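Rule-based calculations on the coordinates, nothing more; no lab input. All of these numbers come straight from a predicted model, not from anything done at the bench. Methodologically, a virtual Cβ is constructed for each residue, glycine included, from the backbone with ideal geometry; neighbour enumeration extends over all protein chains shown.
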């Protein structure tokens with residue numbers, strides 16, 4: 001009997017916290033139910049404001065849709081060997097800001113293009129190979145990056161691509177590095193020319209020696225190996241040719257893959273525009289209704 005009584009007391013003690021939690025959850029549920037019901041009734045009291053907000057939002061969405069042009073989309077790849085890729089991402093972000101603010105005169109000046117071509121740029125951004133913003137990439141890998149553009153006229157894509165490459169290379173730090181590196185290359189070329197002239201003199205002397213040797217009845221023994229001379233001369237000449245090609249085409253950033261623009265223009269979805277701005281209008285109207293309800297005088 002005593003054991004049974006102890007078991008009942010223990011069960012009652014175990015159920016007490018559970019009932020407390022259930023009562024608390026029930027109270028919270030009841031509170032939010034009443035709150036949602038009160039908000040719904042209050043908003044319905046100003047239903048006409050909600051309708052006006054929805055109508056204005058849809059109307060504005062229609063206007064924005066009409067103002068949004070169809071565009072061609074394309075993406076080009078770039079490689080770089082100087083500075084950090086974040087720098088080129090920030091430079092592209094600057095172009096994007098000018099595009100969105102319709103500052104076409106400044107945009108045309110930065111890219112060295114006509115103002116008409118600048119107006120063809122609907123959007124531009126630099127992204128990593130993973131699709132994230134290049135300006136936010138702090139990694140040190142030298143992976144290529146991409147420039148994604150939207151153009152209202154796809155015929156200007158090639159001129160724009162070359163302008164973007166020039167724009168990247170006109171960065172002050174990049175330009176300083178390019179000038180210093182090309183100066184070092186030219187100095188190296190001058191040195192190689194001097195070495196080649198010396199080798200050419202040795203080759204002429206050796207040819208003269210061969211001529212004298214053929215005319216001499218008692219030729220002297222020659223331990224000189226002319227193959228090494230001509231091999232060294234050819235190696236220096238190839239190095240010089242590579243440097244001459246590099247000095248004329250040395251850039252901090254180079255085009256890896258050109259734009260491949262879409263064949264047909266892309267037009268934003270009409271229904272998405274209406275839904276987006278209609279929802280915004282409805283939300284603003286709901287906030288106004290809420291303020292009116294809170295500060296309403298009885």
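Could you give the angle, 0 to 90 degrees to the nearest 10, between helix 172-215's Cα long axis and the longest principal axis of the Cα atoms of the chain? Roughly 20 degrees between the two axes.
Ordering 130, 271, 156 from the fewest to the most neighbouring beta carbons within 10 Å gives 130, 271, 156.
Counting beta carbons within 10 Å around each of 100, 84 and listing the fewest first gives the order 100, 84. Overall, the ratio between the Cα radius of gyration of segment 131-261 and 2.2 N^0.38 Å, rounded to two decimals, is 1.81. When both bridge partners sit in the chain, DSSP labels roughly 100% of those beta bridges antiparallel.
Taking Cα atoms only, the orientation of helix 270-294 departs from the longest principal axis of the chain by about 50 degrees. Once Rg/Rh (Cα atoms, Kirkwood Rh) is calculated for the structure shown, the corresponding label among (1) 1.38; (2) 0.96; (3) 1.00 turns out to be (1).
The relative contact order of the chain, computed from alpha carbon pairs under 8 Å that lie at least 6 residues apart in sequence, is 34 percent. Taking other C-beta atoms within 10 Å as the exposure proxy, 82, 234 rank 234, 82 from fewest upward. Cα centroids of segment 226-279 and segment 76-123: 17 Å apart.
Label sites at residue 62 and residue 36, each approximated as a point 7 angstrom past Cα along Cα to Cβ, lie 3.4 nm apart. Against the main long axis of the alpha-carbon atoms of the chain, helix 226-249 sits at an angle near 40°.
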